Amino acid sequence: MMTTASPAGLSGHEPESSRDLERKSAAVTLSDMEVFIFPELMYSLVLANIMSPRIWEWRSDPWFSGLESMTPYRRIARLKQYIMDHYAFNLDLDTWGLTDKQREIDRFRDYVGPEALAQSNALFGYEGDKYYFDIDIRTHFGLDRYEGDVIPYWKTETVEAMDAFRHKPAYDTGAGECVSLAALYAAALFVVVQMPLSDIYLMATPLHSQNFLDTGQGVLTNNRRIVTKNMWFNGTALSAQARRALENERVTVVAHESGFIHILFDRATIGPGSFKDFAGKLRRFLQTPLTPQILGNFVRHSTHLQECFQVRWSKFEVDHYIAMEKLLAYEYSLPYRFNDETREKLLAEIPAEDFELSPLRDRIILDDLEQLVKEKRVDIRTDEGFALMVDNVASSCLRTQDAIEQLRRFCMTHPRLPDPATKSFERDQPPLGLEVGMERADVVARLESLRDSNELAALAFYAYRDLNRTEPQPFLKAALERCPVSVAACADMSDRAAVQAIRGLVEESIYDEPGRLAQPDEVWNYGRGDGAEKALLLANILRARYPELPMTIKVTPTAATLSMGPKSDAKKALTYRFPSSKHLRPQIWECRG
């Protein structure tokens with residue numbers, strides 16, 4: 001029996017609300033903008049990845065043998081190395097094509113205003129705090145090359161789409177952007193590391209996404225890497241990069257197995273207790289008592305303040321002084337560090353002519369500050385501790401107040417989280433109930449049983465791209481409205497040449513399972529697709545050329561046939577048949593605007 005998908009929905013069903021259709025189609029596309037507008041999509045992607053056989057296959061990889069005998073941190077570190085070896089961080093702005101600001105504003109006008117977007121989304125003018133103004137954030141991300149209203153699609157990839165990057169020129173591994181990597185980490189932590197979903201929190205800021213793991217003192221996943229509390233405060237370039245988002249941006253969304261909370265929207269579905277626990281543990285992760293070691297890490301971290309410091313060295317009972325930036329330059333070529341037990345060895349390697357016999361003017365002597373911290377046990381996080389530090393070095397440096405204030409911020413980052421006091425928490429959805437130890441079939445069955453009662457589970461199947469489990473209209477809407485790459489790539493081809501090019505693509509879907517389909521731009525970017533995917537790719541290209549012509553795709557378990565027209569210069573409709581092994585249920589897709 002054939003069913004027909006049209007813009008009004010499946011025949012025999014009431015038309016979906018425009019919001020439902022928009023949200024379901026957004027679950028397919030998963031662009032940066034869509035995840036921002038529909039924050040529940042972030043966790044639905046996690047669930048789609050958890051259902052994917054790809055990640056379950058990792059458990060058989062020899063790399064993870066013996067995982068059950070490791071500590072929780074060692075398990076996480078093992079996963080981190082696997083992800084680093086198999087996935088690159090990708091922020092190629094042209095991968096998924098271009099749209100424009102006004103189109104996106106019009107699309108989401110009923111959900112959020114342009115002013116709120118400008119404060120919270122990098123594609124709509126977000127600059128963040130002074131830090132981002134200083135580095136010119138649009139240039140930093142390459143957005144400055146887009147003029148006027150033109151902006152790139154930033155799309156989040158499923159694990160299959162991440163794996164498929166290896167088919168693109170210049171890639172020898174999989175790849176993905178930050179939301180993709182955060183969702184991949186969350187799914188793999190549950191499936192491979194056997195970490196309970198209750199301990200995993202996803203955080204999105206306007207320019208970044210990362211996870212907070214509630215284990216030990218806490219762990220952050222940051223793109224491909226992980227960051228422990230000790231790493232957060234170690235003063236290295238990598239930790240400085242990891243600190244950037246939480247130091248300079250608001251957290252717009254927190255997603256969890258219990259739901260989400262969004263900085264702009266009144267509605268929240270995350271468990272209030274879970275959010276309270278997360279917020280408290282994240283704040284504790286982001287602060288540390290001041291010690292001489294932490295003081296040294298701060299100096300190494302703050303390159304712009306190193307000219308405020310100097311180090312004293314007593315040699316033959318004579319004090320010698322060296323500028324901090326000069327001392328640090330020697331660290332790069334020697335196996336010693338100025339802020340651990342190897343300082344004496346480091347200083348001994350430095351030529352005598354690099355020292356001064358009198359203190360350098362307008363510089364804080366780090367040794368005296370270290371002694372103060374050690375003897376007084378100064379808690380710089382308090383007003384009293386801060387004042388004590390300033391008073392003791394005020395005469396040493398003209399920038400004392402600024403340096404000590406930045407030291408306090410180094411020791412204590414205040415994450416700008418959504419305020420739960422301003423939210424209306426909804427708790428009318430049953431819990432996901434996914435437990436460590438479940439097998440994949442049990443996970444899929446559990447999520448299937450929740451589709452009518454839990455929005456995260458329901459939307460997961462749209463992110464999963466399974467057209468045997470979902471109605472096709474959301475998938476078609478995403479495919480025909482938000483896949484500009486294939487249209488642009490074939491713009492100079494004739495219809496015949498475009499058909500030949502599509503038929504010449506490798507006959508292989510990036511999705512291994514029956515019923516799961518790639519979007520047209522994925523098929524084009526990765527140079528491969530099943531016949532049903534190729535038929536939809538051709539429909540996307542021809543619809544852009546002939547928007548007035550009716551198009552349908554007749555789908556059977558073994559073929560997909562695209563019919564178009566007739567065109568004004570032809571006597572009959574054109575048909576293009578593609579063999580398919582997707583075993584799709586028989587149906588007819590109407591490819592209309």
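Do we find that V227 is assigned to a loop (DSSP other than H, G, I, E, B) and farther than 23 Å from G273 by Cα in this structure? For V227, the condition - assigned to a loop (DSSP other than H, G, I, E, B) and farther than 23 Å from G273 by Cα - is not met.
I want to confirm something. Restricting to the stretch 288-302 and keeping residues that are within 13 Å of W232 (Cβ to Cβ) and in a helix (DSSP H, G or I), which single residue is farthest from the chain's Cα centre (by Cα)? Across the stretch 288-302, the extreme among qualifying residues is I294.
Within the stretch 381-391, is there a residue that is assigned to a loop (DSSP other than H, G, I, E, B) and without any contact (Cβ under 8 Å) to a residue 60 or more places away in the chain? Yes, because at least one residue in the stretch 381-391 is assigned to a loop (DSSP other than H, G, I, E, B) and without any contact (Cβ under 8 Å) to a residue 60 or more places away in the chain.
Here's the yes/no breakdown for (1) within 23 Å of M84 (Cα to Cα); (2) of a type in the set (S, T, Y); (3) in the same structural domain as Y87 (by TED's automatic domain parsing); (4) in contact (Cβ under 8 Å) with a residue 24 or more places away in the chain:
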{"site": "D214", "(1), (2), (3), (4)": "yes, no, yes, yes"}
{"site": "N223", "(1), (2), (3), (4)": "yes, no, yes, yes"}
{"site": "T228", "(1), (2), (3), (4)": "yes, yes, yes, yes"}
{"site": "N234", "(1), (2), (3), (4)": "yes, no, yes, yes"}
{"site": "S239", "(1), (2), (3), (4)": "yes, yes, yes, yes"}
{"site": "R243", "(1), (2), (3), (4)": "yes, no, yes, yes"}
{"site": "E247", "(1), (2), (3), (4)": "no, no, yes, yes"}
{"site": "T252", "(1), (2), (3), (4)": "no, yes, yes, yes"}
{"site": "H256", "(1), (2), (3), (4)": "no, no, yes, yes"}
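Residues considered: S581, S509. Of these, the only one that is within 19 Å of T158 (Cβ to Cβ) and part of a loop (DSSP other than H, G, I, E, B) is S509.
Of all the numbered requirements in (1) assigned by TED's automatic domain parsing to the domain that holds R377; (2) touching a Ser or Thr at 6+ places or on another chain (Cβ under 9 Å), R283 misses one, and that requirement is (1). For G433, the stated conditions do not hold, so it cannot be described as surrounded by fewer than 16 Cβ atoms within 10 Å (Cβ to Cβ), in contact (Cβ under 8 Å) with a residue 40 or more places away in the chain, in a loop (DSSP other than H, G, I, E, B) and on the phi > 0 side of the Ramachandran plot. Would you say L542 is closer than 15 Å to V485 by Cβ, in contact with a helix residue (DSSP H, G or I) (Cβ under 8 Å, 6 or more places away or on another chain), touching a residue at least 12 places away in the same chain (Cβ under 8 Å) and crowded, with 24+ Cβ neighbours inside 10 Å? It is false that L542 is closer than 15 Å to V485 by Cβ, in contact with a helix residue (DSSP H, G or I) (Cβ under 8 Å, 6 or more places away or on another chain), touching a residue at least 12 places away in the same chain (Cβ under 8 Å) and crowded, with 24+ Cβ neighbours inside 10 Å. Remark: pairs (first residue in the stretch 336-349, among the β-branched types (V, I, T); second residue assigned to a loop (DSSP other than H, G, I, E, B); Cβ separation under 8 Å; 6+ apart in sequence or on different chains) = T342/P335; T342/Y336. Considering only residues in the stretch 246-287 that are over 19 Å from D214 (Cβ atoms), in a loop (DSSP other than H, G, I, E, B) and among the charged types (D, E, K, R), the one that is modelled with the highest pLDDT turns out to be D266. Looking at the stretch 407-436, which of its residues are touching a Phe, Trp or Tyr at 6+ places or on another chain (Cβ under 8 Å) and within 30 Å of Q306 (Cβ to Cβ)? Passing the criteria: L407, R408, F410, C411. Filtered by the rule that a residue be hydroxyl-bearing (S, T, Y), within 19 Å of C178 (Cα to Cα) and modelled with pLDDT of 95 or more, the stretch 210-241 gives T221, T228. Name the residue that is surrounded by the most Cβ atoms within 10 Å (Cβ to Cβ), counting only residues in the stretch 512-539 that are acidic (D, E) and not in a helix (DSSP H, G or I). Step by step, filter the stretch 512-539, then rank; the result is D530. Checking the stated criteria, A457 turns out to be more than 30 Å from T558 (Cβ to Cβ) and either crowded, with 20+ Cβ neighbours inside 10 Å or among the β-branched types (V, I, T) (or both). Applying the criterion of being hydroxyl-bearing (S, T, Y), in a loop (DSSP other than H, G, I, E, B) and modelled with pLDDT of 90 or more to the residues of the stretch 306-359, the residue that is nearest to the chain's Cα centre (by Cα) is Y336. Of all the criteria given as (1) closer than 25 Å to R516 by Cβ; (2) buried (at least 24 other Cβ atoms within 10 Å of the Cβ), the one not satisfied by H167 is (2). Do we find a residue being out of contact with any Ser or Thr (no Cβ under 7 Å at 6 or more places or on another chain), at positive phi and not acidic (D, E) anywhere in the stretch 252-261? Among the residues of the stretch 252-261, not one is out of contact with any Ser or Thr (no Cβ under 7 Å at 6 or more places or on another chain), at positive phi and not acidic (D, E), which makes the answer no.
Residues in the stretch 545-578 that are of a type in the set (D, E, K, R), in a loop (DSSP other than H, G, I, E, B) and surrounded by 13 or more Cβ atoms within 10 Å (Cβ to Cβ): K567 alone. Going through (1) surrounded by fewer than 19 Cβ atoms within 10 Å (Cβ to Cβ); (2) touching a Ser or Thr at 6+ places or on another chain (Cβ under 6 Å); (3) at pLDDT 95 or above one by one, A394 falls short only on (3). Does R75 satisfy the condition of being basic (K, R) and assigned to a helix (DSSP H, G or I)? So R75 passes the test. Taking each residue of the stretch 192-204 that is more than 25 Å from D32 (Cα to Cα) and surrounded by fewer than 24 Cβ atoms within 10 Å (Cβ to Cβ) and looking for partners that are of a type in the set (S, T, N, Q) and modelled with pLDDT of 95 or more with beta-carbon atoms closer than 9 Å, six or more apart or interchain, yields M195/T215. Within the set A77, A48, A27, the sole residue that is at negative phi, in contact with a Pro (Cβ under 9 Å, 6 or more places away or on another chain) and modelled with pLDDT of 95 or more turns out to be A27.
The values are calculated or read from the model by the stated rules, or taken from the named source; none is laboratory data. Bear in mind that the values here come from a model prediction, so they are computed numbers and not experimental data. Glycine gets a Cβ as well: all are built from the backbone with ideal geometry, and neighbour counts include every protein chain shown.
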